[in-house]
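In what follows, a structure is listed as C-alpha coordinates, so that the remarks can point back to it.
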Amino acid sequence: MSITLDDRDFSFTYSGSWFHGGQAGFEYDNTTTGTNTAGSMALFNFSGVSVSVFGTVGPIHYAGQDVGAPISSYQVDGQPAVTFTAPAQGGTLFHHNFFTSPTLGNGPHQLKITNLNQSSYLWLDYVQYTPLSATSSSPSSPATTNSQQSIPISSSTAPEPLTNPSSSPVPQTSVQTTKKNNAPVIGGVVGGVLLVVAVLALIFYLRRQLNAQTVAGKTNVENAPNPSIYEVRSNYDFSTTSNAPLPSVIPPSTVGIGSVSRVEDLEADTFFPRQIANEEQVYLHDDGGVRIAGGPLRGQVDIPPEYREYL
(Lines give C-alpha, C1' and ligand atoms only; values in the text may rest on other atoms or scores of the structure.)
Protein backbone atom coordinates (compact mmCIF):
# COMPACT_ATOMS: atom_id res chain seq x y z
CA MET A 1 0.00 0.00 0.00
CA SER A 2 1.54 3.27 -1.12
CA ILE A 3 1.37 6.62 0.65
CA THR A 4 0.69 9.85 -1.25
CA LEU A 5 2.19 13.16 -0.08
CA ASP A 6 1.47 16.58 -1.56
CA ASP A 7 4.21 18.89 -2.82
CA ARG A 8 3.61 21.11 0.25
CA ASP A 9 4.31 18.28 2.73
CA PHE A 10 6.99 18.89 5.37
CA SER A 11 8.98 15.94 3.98
CA PHE A 12 10.03 18.21 1.09
CA THR A 13 12.93 20.66 1.37
CA TYR A 14 13.28 23.19 -1.46
CA SER A 15 16.38 25.15 -2.38
CA GLY A 16 16.89 27.59 -5.24
CA SER A 17 14.06 29.52 -6.88
CA TRP A 18 10.65 27.90 -6.50
CA PHE A 19 7.10 29.26 -6.59
CA HIS A 20 3.60 27.99 -5.82
CA GLY A 21 0.93 27.19 -8.39
CA GLY A 22 -2.00 24.89 -8.88
CA GLN A 23 -5.37 24.54 -10.61
CA ALA A 24 -8.33 23.48 -8.49
CA GLY A 25 -9.91 20.24 -9.59
CA PHE A 26 -6.99 19.18 -11.79
CA GLU A 27 -3.98 18.79 -9.50
CA TYR A 28 -3.57 16.81 -6.29
CA ASP A 29 -4.75 18.86 -3.32
CA ASN A 30 -5.15 21.73 -5.83
CA THR A 31 -1.47 22.71 -5.49
CA THR A 32 1.87 22.48 -7.31
CA THR A 33 5.38 23.81 -6.69
CA GLY A 34 7.38 24.90 -9.73
CA THR A 35 10.65 26.39 -10.92
CA ASN A 36 12.16 27.60 -14.20
CA THR A 37 15.66 28.11 -12.81
CA ALA A 38 18.31 25.53 -13.63
CA GLY A 39 19.95 24.07 -10.53
CA SER A 40 16.94 24.50 -8.23
CA MET A 41 16.60 21.37 -6.09
CA ALA A 42 14.01 19.60 -3.98
CA LEU A 43 14.89 16.94 -1.38
CA PHE A 44 12.35 14.34 -0.27
CA ASN A 45 13.07 12.12 2.77
CA PHE A 46 11.13 8.91 3.33
CA SER A 47 11.37 5.38 4.76
CA GLY A 48 10.28 2.69 2.36
CA VAL A 49 11.24 0.43 -0.51
CA SER A 50 10.21 2.52 -3.54
CA VAL A 51 9.20 6.06 -4.56
CA SER A 52 7.52 7.74 -7.55
CA VAL A 53 7.25 11.43 -8.54
CA PHE A 54 4.26 12.97 -10.34
CA GLY A 55 3.85 16.45 -11.77
CA THR A 56 2.24 18.70 -14.35
CA VAL A 57 3.68 19.22 -17.82
CA GLY A 58 2.85 22.57 -19.37
CA PRO A 59 2.80 23.47 -23.08
CA ILE A 60 6.11 24.27 -24.75
CA HIS A 61 4.73 27.64 -25.82
CA TYR A 62 4.09 29.97 -22.90
CA ALA A 63 3.28 33.70 -23.09
CA GLY A 64 4.18 33.80 -26.77
CA GLN A 65 7.56 32.18 -26.24
CA ASP A 66 8.92 28.71 -26.97
CA VAL A 67 10.06 27.58 -23.54
CA GLY A 68 10.65 23.96 -24.48
CA ALA A 69 9.95 20.82 -22.47
CA PRO A 70 11.02 20.56 -18.83
CA ILE A 71 14.09 18.43 -18.06
CA SER A 72 14.87 17.15 -14.56
CA SER A 73 17.07 14.58 -12.83
CA TYR A 74 16.30 12.16 -9.98
CA GLN A 75 18.84 10.60 -7.62
CA VAL A 76 18.25 8.25 -4.66
CA ASP A 77 20.88 7.90 -1.89
CA GLY A 78 23.79 8.95 -4.08
CA GLN A 79 23.03 6.40 -6.80
CA PRO A 80 23.45 7.45 -10.44
CA ALA A 81 20.96 10.18 -11.35
CA VAL A 82 18.15 9.45 -13.81
CA THR A 83 17.23 12.24 -16.28
CA PHE A 84 13.65 12.80 -17.39
CA THR A 85 12.54 14.91 -20.36
CA ALA A 86 8.84 15.68 -20.48
CA PRO A 87 6.98 15.30 -23.79
CA ALA A 88 6.67 18.48 -25.83
CA GLN A 89 3.06 19.24 -26.65
CA GLY A 90 0.69 22.17 -26.91
CA GLY A 91 -1.60 21.31 -24.01
CA THR A 92 -1.18 20.49 -20.32
CA LEU A 93 -0.66 17.03 -18.82
CA PHE A 94 -1.74 16.45 -15.24
CA HIS A 95 -0.56 13.69 -12.89
CA HIS A 96 2.28 12.77 -15.22
CA ASN A 97 4.83 10.27 -13.88
CA PHE A 98 8.28 11.87 -13.82
CA PHE A 99 10.22 9.16 -12.00
CA THR A 100 9.84 5.71 -10.38
CA SER A 101 12.72 4.22 -8.43
CA PRO A 102 13.77 0.58 -8.52
CA THR A 103 13.16 -1.55 -5.42
CA LEU A 104 15.18 -0.12 -2.56
CA GLY A 105 16.46 -1.57 0.66
CA ASN A 106 14.01 -1.44 3.54
CA GLY A 107 15.01 1.73 5.43
CA PRO A 108 15.27 5.52 5.28
CA HIS A 109 16.12 7.14 1.95
CA GLN A 110 16.56 10.55 0.35
CA LEU A 111 15.43 11.54 -3.15
CA LYS A 112 17.04 14.58 -4.80
CA ILE A 113 15.17 16.31 -7.66
CA THR A 114 17.04 18.87 -9.80
CA ASN A 115 15.72 21.15 -12.56
CA LEU A 116 18.04 21.14 -15.60
CA ASN A 117 16.23 23.42 -18.09
CA GLN A 118 16.59 27.15 -17.63
CA SER A 119 13.55 28.26 -19.61
CA SER A 120 10.85 25.62 -19.18
CA TYR A 121 8.75 25.15 -16.05
CA LEU A 122 9.10 22.07 -13.85
CA TRP A 123 5.90 21.54 -11.84
CA LEU A 124 5.97 19.03 -8.95
CA ASP A 125 2.54 17.83 -7.80
CA TYR A 126 2.95 14.87 -5.39
CA VAL A 127 5.00 11.75 -4.59
CA GLN A 128 4.00 8.19 -3.75
CA TYR A 129 6.16 5.77 -1.79
CA THR A 130 5.81 2.27 -0.38
CA PRO A 131 6.56 2.35 3.36
CA LEU A 132 8.61 -0.07 5.41
CA SER A 133 7.41 -3.67 5.84
CA ALA A 134 4.83 -3.19 3.08
CA THR A 135 4.69 -5.36 -0.01
CA SER A 136 6.18 -3.59 -2.98
CA SER A 137 3.52 -2.85 -5.56
CA SER A 138 3.03 -0.64 -8.53
CA PRO A 139 2.47 2.96 -7.45
CA SER A 140 -1.02 4.25 -7.80
CA SER A 141 -1.98 7.86 -8.28
CA PRO A 142 -5.19 9.70 -7.48
CA ALA A 143 -5.72 10.17 -11.19
CA THR A 144 -4.66 8.40 -14.39
CA THR A 145 -0.90 8.41 -14.79
CA ASN A 146 0.43 9.95 -17.98
CA SER A 147 -2.99 11.33 -18.86
CA GLN A 148 -3.12 13.18 -22.11
CA GLN A 149 -5.69 15.78 -21.05
CA SER A 150 -4.74 18.99 -22.80
CA ILE A 151 -5.87 22.30 -21.35
CA PRO A 152 -4.36 25.51 -22.67
CA ILE A 153 -2.92 27.77 -20.00
CA SER A 154 -4.20 31.33 -20.18
CA SER A 155 -1.85 34.22 -19.79
CA SER A 156 -3.69 35.26 -16.61
CA THR A 157 -2.51 32.10 -14.82
CA ALA A 158 0.93 33.27 -13.87
CA PRO A 159 3.16 31.37 -11.43
CA GLU A 160 3.21 32.65 -7.87
CA PRO A 161 6.83 33.25 -6.88
CA LEU A 162 8.09 32.20 -3.46
CA THR A 163 9.57 34.86 -1.19
CA ASN A 164 13.20 34.07 -0.43
CA PRO A 165 12.99 30.57 -1.89
CA SER A 166 16.15 29.39 -0.18
CA SER A 167 14.88 30.23 3.30
CA SER A 168 11.08 30.10 2.93
CA PRO A 169 9.54 27.57 5.33
CA VAL A 170 7.44 24.84 3.79
CA PRO A 171 4.06 24.19 5.46
CA GLN A 172 4.43 21.20 7.69
CA THR A 173 1.84 18.67 8.69
CA SER A 174 1.72 18.69 12.45
CA VAL A 175 0.75 15.66 14.44
CA GLN A 176 -1.20 16.52 17.55
CA THR A 177 -1.15 14.09 20.39
CA THR A 178 -4.22 14.12 22.54
CA LYS A 179 -3.57 13.35 26.17
CA LYS A 180 -6.50 12.44 28.30
CA ASN A 181 -6.78 14.60 31.36
CA ASN A 182 -7.75 12.51 34.38
CA ALA A 183 -7.57 15.36 36.89
CA PRO A 184 -11.33 16.16 36.79
CA VAL A 185 -12.21 12.48 37.33
CA ILE A 186 -9.80 12.11 40.27
CA GLY A 187 -11.01 15.38 41.77
CA GLY A 188 -14.63 14.27 41.48
CA VAL A 189 -13.93 10.93 43.21
CA VAL A 190 -11.99 12.57 46.07
CA GLY A 191 -14.69 15.20 46.50
CA GLY A 192 -17.40 12.53 46.64
CA VAL A 193 -15.51 10.55 49.30
CA LEU A 194 -14.97 13.67 51.42
CA LEU A 195 -18.66 14.55 51.14
CA VAL A 196 -19.72 11.06 52.31
CA VAL A 197 -17.28 11.22 55.26
CA ALA A 198 -18.59 14.66 56.25
CA VAL A 199 -22.22 13.47 56.15
CA LEU A 200 -21.41 10.39 58.28
CA ALA A 201 -19.52 12.53 60.81
CA LEU A 202 -22.47 14.93 61.07
CA ILE A 203 -24.93 12.05 61.61
CA PHE A 204 -22.67 10.54 64.29
CA TYR A 205 -22.36 13.90 66.08
CA LEU A 206 -26.12 14.54 66.03
CA ARG A 207 -26.87 11.05 67.38
CA ARG A 208 -24.39 11.54 70.24
CA GLN A 209 -25.98 14.88 71.10
CA LEU A 210 -29.44 13.32 71.06
CA ASN A 211 -28.35 10.40 73.27
CA ALA A 212 -26.66 12.79 75.72
CA GLN A 213 -29.82 14.90 76.00
CA THR A 214 -31.95 11.77 76.54
CA VAL A 215 -29.69 10.49 79.35
CA ALA A 216 -29.62 13.94 81.00
CA GLY A 217 -33.41 14.12 80.87
CA LYS A 218 -33.81 10.72 82.51
CA THR A 219 -31.31 11.63 85.25
CA ASN A 220 -33.13 14.87 86.03
CA VAL A 221 -36.47 13.06 86.21
CA GLU A 222 -35.10 10.36 88.53
CA ASN A 223 -33.36 12.88 90.81
CA ALA A 224 -36.24 15.35 90.88
CA PRO A 225 -37.99 15.59 94.28
CA ASN A 226 -41.52 14.27 94.60
CA PRO A 227 -43.60 17.37 95.11
CA SER A 228 -46.54 15.38 96.48
CA ILE A 229 -44.40 13.88 99.26
CA TYR A 230 -42.86 17.18 100.28
CA GLU A 231 -46.18 18.87 100.12
CA VAL A 232 -47.73 16.26 102.38
CA ARG A 233 -44.83 16.42 104.82
CA SER A 234 -44.67 20.18 104.97
CA ASN A 235 -48.41 20.77 105.19
CA TYR A 236 -49.35 17.72 107.19
CA ASP A 237 -51.17 18.40 110.43
CA PHE A 238 -50.05 15.78 112.91
CA SER A 239 -53.19 16.31 114.95
CA THR A 240 -55.59 15.24 112.20
CA THR A 241 -55.61 13.35 108.91
CA SER A 242 -58.35 15.26 107.20
CA ASN A 243 -59.61 18.76 106.86
CA ALA A 244 -63.20 17.50 107.05
CA PRO A 245 -64.89 18.27 110.36
CA LEU A 246 -65.13 15.29 112.67
CA PRO A 247 -67.67 14.88 115.40
CA SER A 248 -66.39 15.42 118.88
CA VAL A 249 -66.08 12.13 120.66
CA ILE A 250 -65.14 10.97 124.08
CA PRO A 251 -61.73 9.23 124.05
CA PRO A 252 -61.72 5.63 125.12
CA SER A 253 -61.19 4.91 128.78
CA THR A 254 -59.22 1.80 128.08
CA VAL A 255 -56.65 1.20 125.33
CA GLY A 256 -56.61 -2.20 123.82
CA ILE A 257 -58.23 -4.50 121.37
CA GLY A 258 -61.93 -4.11 121.44
CA SER A 259 -61.76 -1.13 123.81
CA VAL A 260 -64.32 1.47 122.73
CA SER A 261 -66.27 4.26 124.36
CA ARG A 262 -69.92 5.00 123.88
CA VAL A 263 -70.64 8.40 122.55
CA GLU A 264 -73.47 9.87 124.54
CA ASP A 265 -73.91 13.24 123.01
CA LEU A 266 -72.93 12.95 119.33
CA GLU A 267 -73.95 15.89 117.21
CA ALA A 268 -75.51 13.93 114.37
CA ASP A 269 -75.99 16.91 112.09
CA THR A 270 -72.26 17.51 111.80
CA PHE A 271 -71.35 14.22 110.14
CA PHE A 272 -74.15 11.63 110.02
CA PRO A 273 -77.73 11.85 108.92
CA ARG A 274 -80.19 12.60 111.65
CA GLN A 275 -81.93 9.26 111.50
CA ILE A 276 -78.62 7.41 111.97
CA ALA A 277 -77.72 9.54 114.96
CA ASN A 278 -81.02 8.81 116.61
CA GLU A 279 -81.16 5.09 115.91
CA GLU A 280 -77.51 3.91 116.08
CA GLN A 281 -74.61 4.32 118.44
CA VAL A 282 -71.21 5.47 117.20
CA TYR A 283 -67.93 4.03 118.54
CA LEU A 284 -64.47 5.45 117.98
CA HIS A 285 -61.74 2.81 117.91
CA ASP A 286 -58.01 3.16 118.40
CA ASP A 287 -56.98 -0.47 118.02
CA GLY A 288 -55.99 -0.54 114.34
CA GLY A 289 -59.22 -2.06 113.08
CA VAL A 290 -59.19 -5.56 114.68
CA ARG A 291 -62.72 -6.85 115.26
CA ILE A 292 -64.32 -9.89 116.96
CA ALA A 293 -65.87 -12.38 114.57
CA GLY A 294 -69.51 -11.72 114.01
CA GLY A 295 -69.21 -8.00 113.22
CA PRO A 296 -70.60 -5.04 115.11
CA LEU A 297 -73.76 -5.17 117.15
CA ARG A 298 -76.96 -4.00 115.64
CA GLY A 299 -77.49 -0.32 116.10
CA GLN A 300 -73.74 0.23 116.46
CA VAL A 301 -71.53 2.32 114.10
CA ASP A 302 -67.75 1.77 114.29
CA ILE A 303 -65.37 4.64 113.53
CA PRO A 304 -61.69 3.72 112.91
CA PRO A 305 -58.95 5.45 114.89
CA GLU A 306 -57.19 8.55 113.65
CA TYR A 307 -54.50 8.05 111.05
CA ARG A 308 -51.11 9.36 111.96
CA GLU A 309 -47.78 9.59 110.19
CA TYR A 310 -44.59 9.14 112.10
CA LEU A 311 -41.36 10.42 110.62
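The values are calculated or read from the model by the stated rules, or taken from the named source; none is laboratory data. Fair warning: this is a prediction, and the values are worked out from it, not measured in the lab. Don't worry about glycine lacking a Cβ; one is built from the backbone with ideal geometry, like all the others, and counts go over all protein chains shown.
For the stretch 1-50, residues that are of a type in the set (S, T, N, Q), crowded, with 18+ Cβ neighbours inside 10 Å and in contact with a His (Cβ under 9 Å, 6 or more places away or on another chain) total 3. Counting only residues that are hydroxyl-bearing (Ser, Thr, Tyr) and more than 13 Å from residue 127 (Cα to Cα), the stretch 85-116 holds 4 of them.
Considering 93, 132, 124, the condition of being modelled with pLDDT under 90, hydrophobic (A, V, I, L, M, F, W, C) and either under 59 Å from the mean Cα position of the chain (by Cα) or under 19 Å from residue 7 (Cβ atoms) (or both) is satisfied by 132 alone. Scanning the stretch 62-80 for residues that are farther than 15 Å from residue 122 by Cβ, free of Cβ contacts under 8 Å to residues at least 60 places away in the same chain and assigned to a loop (DSSP other than H, G, I, E, B) gives 64, 77, 78, 79, 80.
Could you tell me whether any residue of the stretch 95-114 is assigned to a loop (DSSP other than H, G, I, E, B), closer than 20 Å to residue 23 by Cα and assigned by TED's automatic domain parsing to the domain that holds residue 13? Outline the logic, then answer.
Let us first name the residues in the stretch 95-114 that are assigned to a loop (DSSP other than H, G, I, E, B), namely 101-106.
The next check asks that each one be closer than 20 Å to residue 23 by Cα; those that pass are none.
No: the stretch 95-114 contains no residue that is assigned to a loop (DSSP other than H, G, I, E, B), closer than 20 Å to residue 23 by Cα and assigned by TED's automatic domain parsing to the domain that holds residue 13.
Counting residues in the stretch 44-61 that are outside any loop (DSSP other than H, G, I, E, B), free of Cβ contacts under 8 Å to residues at least 24 places away in the same chain, assigned by TED's automatic domain parsing to the domain that holds residue 128 and of a type in the set (A, V, I, L, M) gives zero. Residue 30 meets the stated requirement of being free of Cβ contacts under 8 Å to residues at least 12 places away in the same chain, polar (S, T, N, Q) and either under 21 Å from residue 132 (Cα atoms) or touching a Gly at 6+ places or on another chain (Cβ under 8 Å) (or both).
Scanning the stretch 71-105 for residues that are within 18 Å of residue 131 (Cβ to Cβ) and exposed (fewer than 15 other Cβ atoms within 10 Å of the Cβ) turns up 77, 102, 103, 105. Over 30 Å from residue 5 (Cβ atoms), modelled with pLDDT under 80 and surrounded by 10 or more Cβ atoms within 10 Å (Cβ to Cβ), is that true of residue 212? It is false that residue 212 is over 30 Å from residue 5 (Cβ atoms), modelled with pLDDT under 80 and surrounded by 10 or more Cβ atoms within 10 Å (Cβ to Cβ). Of all residues in the stretch 6-19, those that are assigned to a strand (DSSP E or B) have Cβ atoms under 8 Å from Cβ atoms of residues that are surrounded by 17 or more Cβ atoms within 10 Å (Cβ to Cβ) and of a type in the set (Val, Ile, Thr), 6 or more apart or on another chain, in 6/31; 12/33; 14/33; 19/33; 19/35.
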